[in-house]
Every structure is written in structure tokens, then in C-alpha cells.
Amino acid sequence: MTRKEGVVLKGTGGLWHVRAETGETHEASLRGRLKQEREETKKLAVGDRVMLEMDQRGAHWAIAEILPRHSQLARRAPGAGQGERIVAANVDQVVVVFAAAKPEPHRRMLDRFLVIAEANSLQSRIVLNKIELVDSSEAERAFSDYVAAGYPVHFTSVKQRIGLDELHDQLAGKTSVLTGPSGVGKSSLMNSMYPGLDLRVGEISESVNKGRHTTVGALLHPLPDSGYVVDTPGLRELGMWGLASEHLDECFREFRPHIPQCKFGNCTHRVEPGCAVRQAVAQGSIGSERYDSYLRLREEIEDSERKWAPHTLAKKRRS
């Protein structure tokens, strides 16, 4: 029996496009027993490594096995339900792209992206594109909180060819989720680093994704030299659904050294006496804007927890 290992690039209408290790792409359907899998975390996703088998007639490929994942990126299930959907598997890093201007960078949106990555135990790097539109030293000062927190920050310009080689090197051989708001130059950035890639990130419209009966799934694009980039819509909802409010502080990297020093083990870092996090904010070792983002996100998650508390309790009683 002919067997091949490959990676899932996309899925449409029950057929999955799988890129074999030898470079060619095959259309394949799921074996019956895999189709019947009900547990969401075991369902096939873009980025999964799979084993392909040719059927007995030698006419069609089938996905016979989903190989173990080393990571995954989860999102809230569509609609009003409480649950997750795996967006991409075997992700190495999340690359968050913002523009230095036109549009202005939205710091709280950036913090949300970073928390999502941390909640999924994924590494992140920040790209500030269109750096030619602003004073570079001011931009570096504006993002110094993120550098201090340990995030790699790339300052790039497609027009002036600034920072492209360094970013290219950090994508090589990795599976990277590319995200950020529209209009920041994601597609032009990728196409400048990889001539001929013809990545059309900007064409995926957020308004399309709001359509009640329209689903736009993630796509895995092979990079010309090595590695993959995942283009996925709706990342702002990712990861937040499963993050408990009491664990949010761990998703802010610069909070972590201070959390064990708080007087109370369940410190919310709001009003408690002896809070080492608030002391670090007062001393300037934690940025005030990052701390404000934490407070706003915590309030949002707590609102969601209150909303779902009756459902969660009912589920526990049934189990």
C-alpha cells in the first residue's frame, strides 16, 4: 500500500489539500473513522501532519491517520456557543503586524493578540510596518514596553527595504500565523520578502466573516525557501474563550516575575494591599498602558464568566 506523510494546507467541501513531504499536493478525503471523531481537539485542522494512503483501486488518496501535534491555535466556536474550534495545528509562532501610521497602531488590540498567543502557549513577534511614515526613534520609544517584556519587535518598510531580511530569517523553517488589522501591509510585506508568493491576505474581509452562513477557514501557504505562513481570519476571538480570569496575569510576560511577590495568592492586581504588580507599575518596570490593557481584558473575561456561570454549573451537575 502506498503511504505518504504530508501537511494539511486547507479544507473545502470535505476534501483536504495535503502537501506531501516530496513537494506535490494531493486532494484527500478523511477515512470514515476519523470523520466520526466528535472531540474537537482531535478533529483535522490546517497544519496537521497526516499519513496519506492510496485506495485499493489506486485512484484516490485518503487521510488514514492524524499525527500528534506539538501545538495548536484554538478559537471560540462560531455563534453564541461556548466551546472551541481548532484553527491551526503545529504553529511555531504568531506574527502580529501593525502599521506605524495609516492606520495608527492600536495598542490594546496588539495586547489582545499577544494574550491570545500566550494563552495558546505560542511565541509571538511584533512587526511595526510602514516605519518610513514616522520618526523611527519615536516609534522605538513607543514600543519599548514590548521589548522590555521580551517580545521581538521588527521595524519594517517595504518602500525603503528596511528590516525585511531580518524578518525573513525569523520565518524560515517555521510555521507562523500572520495576523493584524487590515491596511497594515501584511500582503505587501510578505510578497516583498518572497517575490512570486502572491499572498492575498488583504482580500479576506472582516465583513465577509461576519456573514451568518459564510465560513472562511485558515489557509497554510508554503514559503518558497522553507516554512509556512498561516493566513486566518477572526484572530481577535482566538484563545480568549478558554482563559480563566485568574490566569490572565500569566499572559502578560512582564507580570510574571512579580506575581509570586504579591501578598495574596489570588491577587487580582487591582486594589489588594501588598500587590507587587501594582508596585512595579508605580516604579515603571511595568508599563502603565500594558497594565491598563490587563485591567480591561480582565473585566471582559469576568463578564463572560458571569454570563456562562449557569451553563457551566449545569454542565458540571450533568457530568
### Query
Can you name every residue in the range 149-195 that is farther than 30 Å from residue 286 by Cα and of a type in the set (Phe, Trp, Tyr)?
194
### Query
Residues of the range 38-53 being in a strand (DSSP E or B) and either modelled with pLDDT under 90 or surrounded by fewer than 17 Cβ atoms within 10 Å (Cβ to Cβ) (or both), which ones?
51
#### Entry: Selected residue (only one of 108, 125 is at pLDDT below 95 and either in a strand (DSSP E or B) or farther than 24 Å from residue 42 by Cα (or both))
108
### Query
Considering only the range 180-232, how many residues are under 17 Å from residue 125 (Cβ atoms), at pLDDT 85 or above and not hydroxyl-bearing (Ser, Thr, Tyr)?
12
### Summary
Among 83, 32, 79, 58, the single one that is touching a helix residue (DSSP H, G or I) at 6+ places or on another chain (Cβ under 9 Å), surrounded by fewer than 14 Cβ atoms within 10 Å (Cβ to Cβ) and at pLDDT below 90 is 83
### Query
Restricting to the range 156-175, what's the tally of residues that are crowded, with 20+ Cβ neighbours inside 10 Å and either under 20 Å from the mean Cα position of the chain (by Cα) or under 21 Å from residue 73 (Cβ atoms) (or both)?
3
### Query
Filter the range 262-319 for residues that are assigned to a helix (DSSP H, G or I), aliphatic (A, V, I, L, M) and under 23 Å from residue 105 (Cβ atoms); which is modelled with the lowest pLDDT?
297
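The values are calculated or read from the model by the stated rules, or taken from the named source; none is laboratory data. Only a predicted model underlies this, so the values are computations on that prediction, with no experimental measurement involved. Virtual Cβ from ideal backbone geometry, glycine too; neighbours counted across all protein chains shown.
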